[in-house]
Amino acid sequence: MNDKENKTNNENMNSQPENSNKMEEIISLAKRRGFIFQGSEIYGGLAGTWDYGPLGVILKNRVKNLWWQNFIEKRNDIYGLDAAILMNSKIWEASGHVSGFNDPLVEDLKTKKRYRADHLLEDAGYEVAGKTSEEMDALIKENKILSPDGNELSQVKKFNMMFKTEIGVSGTGDSVSYLRPETAGGIFVNYKNVLDSMHPKMPFGIGQIGKAFRNEIAPRDFIFRTREFEQMEIEYFIHPDNWEVEFEKWVESLREFNNLVGLRKEDVFEVEVSDEDRAHYSKRTIDFEFNYPFGQKELYGLAYRTNYDLSKHSEASNQKLEYFNDQTGERFIPHVIEPSIGVDRLILAILTTAYSKDNVGGEERTVLKLSPEIAPYQIAVFPLLKNKEILVNKAKEVFESLNQENWRVTFDDNGNIGKRYRRQDEIGTPFCVTVDFETIETEKDGENNPLLNTVTIRNRDTGEQDRIQISELKNYFKEKIN
Ligand code: ATP
């Protein structure tokens, strides 16, 4: 298992291109090529929000689909759910979010800029695990820690991260609601519904993908820390006697999932969260951290949360949230193991892994080495020349026939062939098919053209080209893509 001690060694591994530039380059590529745009950009933006563009949304949907197929569809023991974002505010009181979902806030007394006190202390080299706001305040004062602009800081205050809103006619206390700060709440309050409708046998899980909202004090690092993001969460209900075995199975399943989406083993660190840093009800938590260009940071978490959540909801709602084992006659409130993955942090990890620069045919290029499984397009079809109708028509025919299969195919006739290759490399298209004069000419040098009805297929990663019969294309891609 990896841990924080490995950090320094591994953080240097991705040195090509230099990490400091790499983030800027990824953000720039994401915008230039239609993956991710700044939220509300033409109005000057809205901090902590990002919009997924035409290619970004395909990539994101592919990643979510892989999670859904892998954990919900392929498994008989986990059920899907799509709960409402707005929920009864009593849910967030019972879960402790209304009183305790706080971040420690400090203000630069001169510029009025706001910061997370724990982040400032960490950046200054202090250990903050498990420290209260008061303790952080004392650390700042004792060590005369200043803001990044060199000014004095205010006292540390608790800042609740939930977005509060009002439902219906405002003004009465009853109408308060919150945009959910995590999707898990919707799962816990539907535990009984799933139990009563699906009659699952323990252990079983409920999973959902959806938006979550947190009023982060300082959103930063592109899509890493945002105010609106997506989560893929599962609550896996177990008997407490089995928690250790079940936890280990989850660690293994998550390792397999990391591999499925193309993360390299050496970039992911399984960090055991210490007793002081863990929520008081959790007996074990592992943070899966990733080697981002800005450092090793939490990608997602796996927590054994005991029966804290269901017990709290049972008490507050006055509902029995037990499980009855009809074989042993035992009744108990199930315990849970929760793998909680932030979709956007995963997308950033995938982009970081895939982004590379290399030399093909003596030319430097930027390439996104996405697997065919998640690349926005799997195949691009080109006519060699845009203004030769006969080439364009043939290329369209090839495009249509590939498009009928379940592949993501794009047609590109913009600019010269070199430009098209560069564009497809940058968006991660694994295969480019080109229709050229050989494809259509029946005769060559007075003889039958042996290359009639053949096309070239260029491989993104090697730059190598194969020439194959159009009639063989589908078989070729069935082997390479499916
Ligand atoms: P952090 O300590 O980085 O704020 P957290 O421990 O509060 O994260 P959790 O509450 O465990 O995060 O949420 C589960 C997952 O949701 C995180 O591991 C992360 O992938 C994602 N996530 C949480 N907050 C954000 C955010 N502001 N922006 C993007 N993703 C987030």
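Among residues of the stretch 222-259 being in contact with a Ser or Thr (Cβ under 6 Å, 6 or more places away or on another chain) and under 21 Å from Ile78 (Cβ atoms), the one that is farthest from the ligand (Cβ to nearest atom) is Glu233. On inspection, Lys31 does not qualify as free of Cβ contacts under 8 Å to residues at least 60 places away in the same chain and in a loop (DSSP other than H, G, I, E, B). The criterion of at least 2 residues that are under 30 Å from Ala129 (Cβ atoms) and aliphatic (A, V, I, L, M) is met by the following strands (runs of 3 or more DSSP E) wholly inside the stretch 41-112: 102-107.
Matching residues to (1) in contact with a strand residue (DSSP E or B) (Cβ under 9 Å, 6 or more places away or on another chain); (2) without any contact (Cβ under 8 Å) to a residue 24 or more places away in the chain:
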position	(1), (2)
Leu263	yes, no
Val268	yes, no
Gln319	no, no
Phe324	yes, yes
His335	yes, no
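Return yes when Tyr300 is surrounded by 20 or more Cβ atoms within 10 Å (Cβ to Cβ) and closer than 27 Å to His97 by Cβ and no when it is not. Judged against the criteria, Tyr300 is a match. For the subset of the stretch 394-444 comprising residues that are among the β-branched types (Val, Ile, Thr) and within 30 Å of Thr352 (Cα to Cα), which member is modelled with the lowest pLDDT? Checked the stretch 394-444; the qualifying residue modelled with the lowest pLDDT is Ile417.
Among the conditions (1) open to solvent by 50 Å² or more (accessible area, probe 1.4 Å); (2) away from the ligand (no atom under 16 Å from the Cβ); (3) at pLDDT below 95, the only one that Val189 does not satisfy is (3).
Scanning the stretch 136-151 for residues that are open to solvent by less than 70 Å² (accessible area, probe 1.4 Å) and part of a helix (DSSP H, G or I) yields Met136, Asp137, Ala138, Leu139, Ile140.
The residues on offer are Ser133, Ser95, Ser99, and the sole one that is polar (S, T, N, Q) and either open to solvent by 40 Å² or more (accessible area, probe 1.4 Å) or under 29 Å from Phe35 (Cβ atoms) (or both) is Ser99. Within the stretch 104-130, the only residue that satisfies the criterion of being open to solvent by less than 50 Å² (accessible area, probe 1.4 Å) and without any contact (Cβ under 8 Å) to a residue 12 or more places away in the chain is Val128. Of all the numbered requirements in (1) open to solvent by less than 20 Å² (accessible area, probe 1.4 Å); (2) assigned to a loop (DSSP other than H, G, I, E, B), Val455 misses one, and that requirement is (2). Being within 15 Å of the ligand (Cβ to nearest atom) and in contact (Cβ under 8 Å) with a residue 40 or more places away in the chain is a property that does not hold for Glu152. Looking at Ser371, is it in contact (Cβ under 8 Å) with a residue 60 or more places away in the chain, out of contact with any helix residue (DSSP H, G or I) (no Cβ under 7 Å at 6 or more places or on another chain) and assigned to a loop (DSSP other than H, G, I, E, B)? It is true that Ser371 is in contact (Cβ under 8 Å) with a residue 60 or more places away in the chain, out of contact with any helix residue (DSSP H, G or I) (no Cβ under 7 Å at 6 or more places or on another chain) and assigned to a loop (DSSP other than H, G, I, E, B). Just a yes or no: is a residue in the stretch 241-258 under 26 Å from Ala375 (Cβ atoms), open to solvent by 50 Å² or more (accessible area, probe 1.4 Å) and more than 13 Å from the chain's Cα centre (by Cα)? Yes - at least one qualifying residue is present in the stretch 241-258. Among the residues of the stretch 83-92, just one is open to solvent by less than 20 Å² (accessible area, probe 1.4 Å) and either aromatic (Phe, Trp, Tyr) or within 16 Å of the ligand (Cβ to nearest atom) (or both), namely Trp92.
The values are calculated or read from the model by the stated rules, or taken from the named source; none is laboratory data. This is a predicted model, so every value here is computed, not measured. Cβ: placed from backbone, ideal geometry, glycine included. Neighbour counts: every protein chain shown. Ligands, DNA and RNA are excluded from the accessible area calculation, which covers all protein heavy atoms including side chains. Shrake-Rupley method; radii C 1.70, N 1.55, O 1.52, S 1.80 Å.
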